[in-house]
1. Any residue that is in contact with a helix residue (DSSP H, G or I) (Cβ under 6 Å, 6 or more places away or on another chain) and charged (D, E, K, R) - is there at least one of those in the stretch F:39-61?
2. Are any of the residues in the stretch A:3-18 within 13 Å of another protein chain (Cβ to nearest Cβ) and touching a Lys or Arg at 6+ places or on another chain (Cβ under 9 Å)?
3. Scan the stretch F:43-69 for residues that are part of a loop (DSSP other than H, G, I, E, B) and within 12 Å of chain A (Cβ to nearest Cβ) and jot them down.
4. For the stretch A:92-108, name all the residues that are assigned to a helix (DSSP H, G or I) and either within 9 Å of another protein chain (Cβ to nearest Cβ) or touching a residue at least 40 places away in the same chain (Cβ under 8 Å) (or both).
5. Does residue D:141 meet the test of being touching a Gly at 6+ places or on another chain (Cβ under 9 Å), within 23 Å of residue D:26 (Cβ to Cβ) and of a type in the set (Val, Ile, Thr)?
6. Given the criterion surrounded by fewer than 17 Cβ atoms within 10 Å (Cβ to Cβ) and of a type outside the set (Phe, Trp, Tyr), identify the matching residue among E:103, E:90, E:48.
7. Just give me the residues in the stretch A:1-59 being farther than 25 Å from residue A:156 by Cβ, over 14 Å from the mean Cα position of the chain (by Cα) and among the polar types (S, T, N, Q), in sequence order.
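The values are calculated or read from the model by the stated rules, or taken from the named source; none is laboratory data. Quick caveat, the model's predicted, so the values are computed rather than measured. As a convention, Cβ positions derive from the backbone with ideal geometry for all residues, glycine included, and neighbour counts pool all protein chains shown.
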6 protein chains.
Amino acid sequence: MNTTPFARSGGRALDQLRPIRITRHYTMHAEGAVLIEFGNTRVLCTASVEEKVPPHKRGSGEGWVTAEYGMLPRSTHTRSDREAARGKQSGRTQEIQRLIGRSLRAVFDLKALGERTIQIDCDVIQADGGTRTAAITGAWVAAQDAVNTLLAAGKISASPLTGAVAAVSVGIVQGQPLLDLEYVEDVACDTDMNVVMTGTGHYVEVQGTAEGAAFSRQEMDQLLALAEKGIAELVALQRQSLRN
Amino acid sequence: MNTTPFARSGGRALDQLRPIRITRHYTMHAEGAVLIEFGNTRVLCTASVEEKVPPHKRGSGEGWVTAEYGMLPRSTHTRSDREAARGKQSGRTQEIQRLIGRSLRAVFDLKALGERTIQIDCDVIQADGGTRTAAITGAWVAAQDAVNTLLAAGKISASPLTGAVAAVSVGIVQGQPLLDLEYVEDVACDTDMNVVMTGTGHYVEVQGTAEGAAFSRQEMDQLLALAEKGIAELVALQRQSLRN
Amino acid sequence: MNTTPFARSGGRALDQLRPIRITRHYTMHAEGAVLIEFGNTRVLCTASVEEKVPPHKRGSGEGWVTAEYGMLPRSTHTRSDREAARGKQSGRTQEIQRLIGRSLRAVFDLKALGERTIQIDCDVIQADGGTRTAAITGAWVAAQDAVNTLLAAGKISASPLTGAVAAVSVGIVQGQPLLDLEYVEDVACDTDMNVVMTGTGHYVEVQGTAEGAAFSRQEMDQLLALAEKGIAELVALQRQSLRN
Amino acid sequence: MNTTPFARSGGRALDQLRPIRITRHYTMHAEGAVLIEFGNTRVLCTASVEEKVPPHKRGSGEGWVTAEYGMLPRSTHTRSDREAARGKQSGRTQEIQRLIGRSLRAVFDLKALGERTIQIDCDVIQADGGTRTAAITGAWVAAQDAVNTLLAAGKISASPLTGAVAAVSVGIVQGQPLLDLEYVEDVACDTDMNVVMTGTGHYVEVQGTAEGAAFSRQEMDQLLALAEKGIAELVALQRQSLRN
Amino acid sequence: MNTTPFARSGGRALDQLRPIRITRHYTMHAEGAVLIEFGNTRVLCTASVEEKVPPHKRGSGEGWVTAEYGMLPRSTHTRSDREAARGKQSGRTQEIQRLIGRSLRAVFDLKALGERTIQIDCDVIQADGGTRTAAITGAWVAAQDAVNTLLAAGKISASPLTGAVAAVSVGIVQGQPLLDLEYVEDVACDTDMNVVMTGTGHYVEVQGTAEGAAFSRQEMDQLLALAEKGIAELVALQRQSLRN
Amino acid sequence: MNTTPFARSGGRALDQLRPIRITRHYTMHAEGAVLIEFGNTRVLCTASVEEKVPPHKRGSGEGWVTAEYGMLPRSTHTRSDREAARGKQSGRTQEIQRLIGRSLRAVFDLKALGERTIQIDCDVIQADGGTRTAAITGAWVAAQDAVNTLLAAGKISASPLTGAVAAVSVGIVQGQPLLDLEYVEDVACDTDMNVVMTGTGHYVEVQGTAEGAAFSRQEMDQLLALAEKGIAELVALQRQSLRN
């Protein structure tokens, strides 16, 4: 699959991730604070521990993990309206933050967390495609750091994290399946799929959308294979960043 | 797959759709007005033709297809707050209406539609699981009726519809892959997947979510096969309802 | 009053109601669920029992009855904006739902209801004039069904309903007083009056508005007489539907 | 009707208005600016001329008359929330401002007004019952002053006002029909009716509500007679204030 | 400084306040209700005692003092939108009400107030410049009246007020420092400064803004001197009004 | 003033700024993109050029400069609610963004800018006191970069910037005047003043607030002197960063 007439920026191979950088402790207040970069896409992911739970969990003995997502107004090529000024979050924002929350909860034992909340905030500093997948991948590292603070403080005795979770986008551009789309590829693609998987290679979320022509089963299989490869690499990078 | 210890209501087989009913011309004002029933789930889908387009399409010569979704407050087991009274649509509502809109646009040639909008409204009268898949399946029939009014009125000379689109949910309950989940199954399932396909068997959307344990590639393959079977049957029922 | 040059659709007499149909148990979840039809006007009225009361009734030993009203976007001739999408209910919607709530409370002994709420939802499926009067008339039947569930469950020992309540519109079109206006008559009328009365012929609400010229005392008397006749018929139909 | 055991404050007769005061030019910026007092109820009514019309009147050659209503937070016995701070107007506020607008339009020839708007603002400085009827009565005087400015400026050549309009509340307290209820009477009443009439004694609006027991036709007739008497007196006071 | 070519309306000297009038007990419900007039600027300031505190003070043994501000729509030369109808308060409104609240709290011993709130409402009846400074000056008198009710009722035994507070605007117009700007001066000024001081001549707030050219230290000193003179006069008038 | 018992973190002198860092081109999309750091306070300031103006400037031949401000939810010690999720900006946010906009406009010749907008966005990545003064100081550098793009593109022929603008906070803590307060000092201070000055040492804004005791004229003079010193240093740093 690596030799092809389709040219990606920087000579990137079709099945190659962009350069990934994970910077922990990027800000000083949050229990977990990770700047994750997928090429030019930069997302600040913080994990805040709050000693309370939303109403549907009160008295349950279980905790909660939830997420919010935002883009700085000029993180994008042309400035987007500030959602706080408009007075509401867009449908896209809500979809993404619900996805991040579900993805993280998939690897959390809420009972082991105890009656507290880990609040994830993913804020896009600079956007160049793949902000939601970078957000999920970075949020997991931030959550791990937050869990470590709880362990260090003796508030919990065992980690509520049951494994890793990471995400990547895949898509078909000019008939070619590509891993980890940057913005110009995302705009050009016929099919766009975001895949969230655990460290053990199981699916947490698969969201595939035909932007242009509908896609065949064979194309789906190619995309799922690419995503599996990319996520395995991302999980390795997550683990490595935690060892630093 | 039909002989199994898992018992569905009404003796339904694991790969069997609920009884589907499609009633056209259910209300009198809309160009397309379809009541679709997937068992006890009942959704009213109207398609309204509006001779204007949203700003991003003005002057483009192209039309637009968009959708809104709502649930009557007591369509559900316990009453839900009325979104109009709360003053905003939930994230779930926005996700679903965006999905319906994308699904319909996948089979529309917007240039052939001309500079006008087909506005889909999907309102859940009674909910018992699968409201979004019923909505997409019914909306396509309503859109076809609206297109027929445009053709009959001579406003367009050829149909902008490039094919059919339908949707179904699949999921894994107690290890068993099931087609077309009703509410009690939806609550119990580990994995929930909504699949939208064209009449020619290509994917428009695949949205799979692990509610409990993450799912394997093999499980995904089983679910996709079930969905393909169900959607083929739904498209046949759509076409049959249009012949009446 | 029955022989006149003014022609109503379907040869209806000036003092004649449209065909009224009351369908109980129209949906399956609500304690009371009534589809009421005044000719082409169709309103789904549900009554939901909630074991809580709003703040101003907490600890009072009394219950509460309240109502919300909505129109499906394409229940009308041209599509209306969805109030949930606009983010607020119109003044008209609020006026109508306050009227429905007051009308129902007029025949409720809130002490006998106990500290619980009957929440009425009136949703217009198809509009052809008189949606608020149909809503009140249908809501009373739904409330009666909800009360019956409470009695059957032994939660209350005597009915909190002190009688029936129904409503009808009357108006003056081209100098002719008419009973139960349909949409084209409503648009054409000079005076429009909505009357809500009990089963014993007393007034709960009278709301008369001069749309064109102000109206005389004599015209008011004619309208009140027409309304009294119509409401007596509606109450008979309500009681009959409850015997089925 | 004047000799009765029921005692009103200040020895007021049952069919007697409170002391009415109408102060024109109460503030300096508005084209019409009237402080109207019904006893302790004080409402500031301004009429502003705006050389534009709302969208539904653009290009029609017709003008528009509309109204907004508000209560200062501490105009009431206990402080009410400020609607601007809560971010929305209550249903009651919307009902009242719609009523004021309709009442004024009933005596306006919108064609003669020309394509401009008269915007009425009624703000309650002090509330003691009857704020909406005082508002309508005062707003008409303010509108007359605004019309006079237009005439004086030569913007219109004939008055678009076709007559006077005024309003009063009536009600039944302890079986006694009363004219012009003050707050303590309003709280105690079984039936509350707001009547809006023209200077020639025709009805513009009748809104009667049974707060406690439903009311009979005979009671309605008594209330309508009381209202007619009160409104005739109010119209005389309006005309007198304009002569000053 | 009194002889100058710059002419103020009514022959006012550059360092002269407009005629100030303070009318206590202007409305009947509020514990303090003061109409304050700075020339044509008229603001109704009410102080309401509420036997509760906001969440951040609950259980603290301390009270709270807070303020809201509004302008009647036609208090201004051309009508402003009603904030309640627009659904939100402007940034200017919020700035002003926060300023009023802070200014009043500067002279309150919240512990001596006890766990209750004094809610200030400042509503502009007529605007001609300086509404926020009139509001602060009037609000202090209203607050004093509210405190007196608490003392008279024996709810507190000593006044929580530690002194007086008043405010005035100063500015530079055509190079001339002016005291207490009216609207036409405010529009023309290069520098606009609002100063809030205690009765003992200390600063509570200084807010200076260069509308045109930035201002020098020397100009600031001139403005501060003018403000000090004006506030001393205002405090004398406040004290005098309380003796009446 | 440098020898004193009061100890600042890191041995900082009372009249010493925190370490200031100005990083230009921090993100890639905006015409100006500056990360400014005042010690641990980090604010991203972007300047976006938009070829349109708000309604009040259309057709005027003049441009506009405006600003928005936000804090990332976990930029603070404990997490703050996301304003986009709450659906409105706080009064504090609005105050600050209005201040930033006014400060920048003070050094802009809007006619020379031409009919276009420079939209400033200041987003706090990490907060440790002084976010608004850092925002103004950084925004000016970003605006200069945006102006340079316009000059380079030949859209304007001369710079609309008439000079530099910078801001700093000063305050009194335990009787000691301090320059550039960090968070713990801000919380402890009796008086807090934000000063905005031009590069030529004139005042654009002075906002002083007594948090505890009111402050004397002598204290104000000390604070103004400190601010003048700090701003001169900041302007030198701004100019130096532009030379890099």
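1. Pass one, the stretch F:39-61, residues in contact with a helix residue (DSSP H, G or I) (Cβ under 6 Å, 6 or more places away or on another chain): F:41, F:43, F:45-49.
From what is left, the residues that are charged (D, E, K, R) are none.
No; the residues of the stretch F:39-61 include none that is in contact with a helix residue (DSSP H, G or I) (Cβ under 6 Å, 6 or more places away or on another chain) and charged (D, E, K, R).
2. Checked against the condition, which is being within 13 Å of another protein chain (Cβ to nearest Cβ) and touching a Lys or Arg at 6+ places or on another chain (Cβ under 9 Å), the stretch A:3-18 yields no hits at all.
3. Of all residues in the stretch F:43-69, those part of a loop (DSSP other than H, G, I, E, B) come to F:51-54, F:58-63.
Across the stretch F:43-69, the qualifying residues are F:51, F:52.
4. A:92, A:93, A:94, A:95, A:97, A:98, A:99, A:102, A:103, A:104, A:105
5. Against the criterion (touching a Gly at 6+ places or on another chain (Cβ under 9 Å), within 23 Å of residue D:26 (Cβ to Cβ) and of a type in the set (Val, Ile, Thr)), residue D:141 qualifies.
6. Numbers: E:103 fails: surrounded by fewer than 17 Cβ atoms within 10 Å (Cβ to Cβ); E:48 fails: surrounded by fewer than 17 Cβ atoms within 10 Å (Cβ to Cβ).
Unique residue meeting the criteria: E:90.
7. If the condition is that a residue be farther than 25 Å from residue A:156 by Cβ, over 14 Å from the mean Cα position of the chain (by Cα) and among the polar types (S, T, N, Q), then A:2, A:3, A:4, A:9, A:16, A:23, A:40 are the ones that fit.
The rows are residues; the columns are (1) under 16 Å from residue A:66 (Cα atoms); (2) of a type in the set (A, V, I, L, M); (3) within 21 Å of the chain's Cα centre (by Cα).
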position: A:119; (1), (2), (3): yes, no, yes
position: A:134; (1), (2), (3): no, yes, yes
position: A:137; (1), (2), (3): yes, no, yes
position: A:142; (1), (2), (3): yes, yes, yes
position: A:153; (1), (2), (3): no, yes, no
